[in-house]
Amino acid sequence: MPRSIRSATTLGLIAAPALGLAAPAAAQEAADAAIGGDIVVTAQKRAERISDVPMSITAVSGNDLAKLGISSPEQLTKLVPGLTFQVSDYGPPVFTIRGIGYLDLSIGAGPAVTAYVDEVPLPFSLMTRGATLDLERVEVLKGPQGTLFGQNSTGGAINYVAAKPTSDFSAGAELSYGRFQSVEVEGFVSGPLTPTLGARVAVRHESANGWQRSLSRPADRLGRRQFNSGRILLDWKPSSDLKFTLGISGWEDGSESTAVQFREFLPKTPPNALNQFVYDALQNYNLVPTNNRDADWDADRDYSGKNRFHQLFLRGELNLSDTTTLTSISSYSKFTIDRLADRDGTDFKNLDVNTTGKLESTFQELRLSGRLGDLGWMIGGNYQRDIAYERDIDTFNADNTNVGPFYFNSGLFLSSQKVRTLSVFGAVDYKLSDTITLQASSRYSDQNRRFNGCFGDSGDGTSAAALNFLSLALGGSGGAGPGECATIDSVTFQPGPVTSRLDEDNLSWRLGIDWKPNTDTMLYANVSKGYKFGGYSIPTAALSSQFNPATQESLLSYEVGFKKSLANRRLIINGAAFYYDYKDKQLIGTVLNPIFGGITQLVNIPKSRVIGAEVEITVRPVKGLRVMTGLTYIHSKVQANPTPPAEPRDVFGGLTSFIGESFPNTPRWQSVTDAEYAHALGSRRVFVGATYSYRSGAYAAFGQDLPQIRIAGYGLLDLRAGMESEDGRWRFQIWGRNVGNTYYWTNVAKIISTVTRTPGNPATYGATLKFRY
């Protein structure tokens with residue numbers, strides 16, 4: 001499959017520049033599809049106008065995503081208030097909605113905000129990189145979505161809706177060139193193959209030179225981008241009542257990992273003869289970056305990734321009657337990773353992480369839906385099987401650790417998890433009157449998780465020797481060899497792999513009522529409860545007891561909201577207020593280890609809460625001008641410390657209290673604004689636009705009396721201007737992103753003894769040409 005996708009990508013890139021995108025919609029449909037318009041969504045697994053859906057949703061059309069240069073999931077933060085993005089300490093992305101997210105170091109971590117493409121799950125965040133290819137729209141659903149969208153959607157869900165095969169031939173291409181010699185090419189071909197079979201092929205290529213500058217080697221650059229993706233969709237309609245959609249998609253990412261920025265060296269142990277040179281160098285290191293581009297990394301290392309993803313899905317829909325439909329969704333997804341990252345931000349060979357692994361997911365859903373007069377209903381079930389395998393080799397020269405006379409400066413982190421999830425769900429909505437509707441939905445889920453993992457020897461025998469010594473000292477007999485697991489069993493004191501299991505079940509539910517006195521007004525209230533299953537991380541574990549899992553968390557949500565349009569939809573105001581009662585929040589905490597000192601480990605926060613409100617306003621005050629602005633306020637608060645044996649410790653290992661602190665990477669204020677003015681010039685239209693996003697300061701972790709872990713607030717301004725044909729067949733625009741070259745960072749990490757920042761992107765600028773046919 002990957003070879004066929006590469007072939008399709010190559011063919012499409014050769015043909016695409018001569019082609020164009022689909023024919024434009026009618027004027028009113030175009031206005032509705034624009035940012036802030038009354039776009040059609042499938043948030044409740046049926047097509048509805050967004051103004052008729054009683055929940056908080058931000059939806060953006062594929063055309064607007066392209067115009068704003070949004071080509072990857074993390075860039076959605078430009079348009080979605082309440083959505084934040086963070087790169088975790090070891091690289092996996094973390095998406096958070098209204099303060100609800102999940103930060104873990106493992107590639108197999110289950111997110112609290114789950115992504116879908118056409119309702120097909122992408123259960124691991126690393127799988128989402130190519131999700132924005134050739135979209136009809138993207139829908140961001142806020143609040144617990146577990147009843148209809150399944151496990152691990154306590155924060156919300158992001159549903160990417162791919163553009164579908166068209167009934168007539170259409171094609172298109174888009175070419176962008178910008179700073180750092182960046183090139184982005186996207187194209188598609190769509191149309192009927194037979195009277196009952198339609199197809200759509202879409203491809204995308206991205207490349208760019210490195211944008212980061214080495215502080216110690218001014219000519220060196222890092223951050224080269226090399227990314228290819230493709231998708232093939234086949235729609236077969238053998239009859240008016242039966243339809244099948246087959247999708248094949250995949251991507252390859254050979255981009256270099258981002259270098260972090262060194263901030264501070266805080267050694268955990270005194271130096272010794274083996275690490276004195278690196279220790280002294282880091283103690284006196286003074287190359288501290290003050291802008292987005294400057295950083296440092298080890299010389300003569302290849303930081304190019306070898307990450308690949310492919311997915312196959314089949315969707316079938318059978319109309320059993322005029323009011324009843326049977327839907328089946330089957331999918332298989334696979335992701336592989338091979339990546340080297342420098343995590344200390346210096347040019348000394350101190351802290352390197354080499355990650356290899358594999359993620360697989362098999363999914364099957366079957367559901368029946370229909371309507372009986374004023375009653376709409378849906379019942380169904382699904383099966384999901386996930387496999388997450390990860391093998392990390394970490395090198396930590398400045399922090400080599402000893403057990404007795406044995407020193408080691410590297411280690412193996414191994415994790416294999418096999419997960420089986422079964423669910424049944426149902427939903428009903430009933431019209432009490434022409435204006436009042438009741439909704440109810442529920443899902444029962446049962447999950448079995450099997451874990452096998454360890455901390456072990458990287459292959460040179462030093463970690464094995466040290467932990468064999470510990471085993472003998474505790475009464476065991478040692479026996480771990482080079483490259484083998486060496487975690488000490490807490491009962492037998494023998495080194496080896498750790499096996500464990502976690503079996504959980506839960507019942508998520510949602511109750512709601514909405515009042516729609518006219519087509520321009522809706523008031524709604526919802527109460528819902530969602531769950532995120534527990535899981536395992538891979539700590540630097542000398543003892544098997546440190547592999548205890550975090551158990552499932554739950555969130556009870558209360559939300560009221562309104563949707564109002566005025567002056568013939570020239571003014572649209574949507575708002576919501578919410579309260580979350582959060583139990584057993586999962587997070588990476590710091591615990592003391594007798595061998596390694598403070599280490600990361602999954603823990604549960606027994607009780608916390610979130611109070612928040614949001615408003616989105618779209619106004620068209622004069623012909624040609626549209627302004628959309630959104631504002632979100634989130635006040636998160638921890639109300640209880642972790643229960644023993646876990647302790648509330650900051651990232652430096654110091655004992656503290658989490659009570660009263662806000663959630664990590666949860667700014668209290670977020671706002672987004674997008675404005676565009678267009679003016680007709682004969683058969684052409686000129687336009688200018690701007691997008692501004694702002695977030696207040698936050699902390700990257702708990703222990704928020706430490707200034708080192710603060711993420712400063714920042715605002716980013718993007719500008720665009722261009723010309724397009726009246727019929728939408730072509731568009732040319734110039735653009736600038738982060739035009740103020742604002743220095744900002746998305747994460748602060750303290751890994752072993754080095755404090756670093758993950759920088760954001762500097763100012764970029766370029767031009768885009770788009771054609772449609």
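Just a few scattered comments:
- Placing +1 on each Lys and Arg Cβ and -1 on each Asp and Glu Cβ, with no other charges, gives region 476-631 a dipole about its Cα centre of roughly 1160 debye.
- Estimated at the nearest 10 Å², the accessible area of Thr362 is 60 Å² with a 1.4 Å probe.
- Of the peptides 680-687, 560-567, the ranking by mean beta-carbon count within 10 Å, highest at the top, reads 560-567, 680-687.
- Working note: Karplus 6.51/-1.76/1.60 with θ = phi - 60° gives region 288-297 the couplings 9, x, 10, 8, 5, 7, 6, 6, 7, 7 Hz, where Gly and Pro are set to x.
- Residue (of Gly305, Leu372, Asn291) at the positive-pole extreme of region 290-375, dipole from beta-carbon charges: Leu372
- Shape class for region 661-718, computed from the alpha carbon gyration tensor (a ≥ b ≥ c): prolate, with a/c not under 1.5 and a/b above b/c.
- Protein accessible area in the chain, 1.4 Å probe - carbon and sulfur %: 58
- Residues Lys623, Lys142, sorted by accessible area with the largest first, give Lys623, Lys142 [1.4 Å probe; ligands and nucleic acids excluded].
- Charged side chains reduced to their Cβ positions (Lys and Arg at +1, Asp and Glu at -1) give region 624-712 a dipole of some 440 debye around its Cα centre.
- Amide H contacts of Arg137 (H built 1.01 Å from N, in plane; Pro and chain starts excluded): Gly62, Val161 sit under 5 Å, all sequence-distant by 5 or more or on other chains.
- Listed residues Asn518, Val60, Thr754: farthest to the positive end of the dipole of the chain (Cβ charges): Asn518
- Region 431-546: equivalent-ellipsoid semi-axes (sqrt of 5 x gyration tensor eigenvalues, Cα, Å): 56, 13, 9
- Exposure rank, largest accessible area first [Asp520, Asp300, Asp705; 1.4 Å]: Asp300, Asp705, Asp520
- Karplus-derived HN-Hα couplings along region 368-385 (A = 6.51, B = -1.76, C = 1.60, θ = phi - 60°), whole Hz, x at Gly and Pro: 10, 9, x, 9, 10, x, 8, 10, x, 8, 7, 9, x, x, 8, 10, 9, 10
- Calculated mean residue ellipticity at 222 nm for the chain: -2000 deg cm²/dmol, from DSSP H runs with n ≥ 4 weighted as -39500 (n - 2.57), summed, divided by the residue count and rounded to 500.
- Dipole axis of the chain (+1 Lys, Arg; -1 Asp, Glu on Cβ), positive-most option in Ser106, Thr395, Ala273: Ser106
- Beta bridges per DSSP with both ends in the chain, % antiparallel, nearest 5: 95
- Computed magnitude of the charge dipole of region 217-299 (debye, nearest 20; Cβ of K, R +1, Cβ of D, E -1): 240
- Rolling a 1.4 Å probe over the protein chains gives His679 an accessible area of about 90 Å².
- Residue-wise HN-Hα coupling along region 608-615, computed from phi with Karplus coefficients 6.51, -1.76, 1.60 (Hz; x: Gly, Pro): 7, 8, 9, 10, x, 8, 8, 8
- Each part reduced to its alpha carbon centroid, region 68-99 and region 699-768 end up 11 Å apart.
The values are calculated or read from the model by the stated rules, or taken from the named source; none is laboratory data. As the structure is a computational prediction, the values presented were derived from the model and not from experiment. As a convention, Cβ positions derive from the backbone with ideal geometry for all residues, glycine included, and neighbour counts pool all protein chains shown. To get the accessible areas, we keep the full protein, side chains included, count just its heavy atoms, and leave off ligands, DNA and RNA. Shrake-Rupley method; radii C 1.70, N 1.55, O 1.52, S 1.80 Å.
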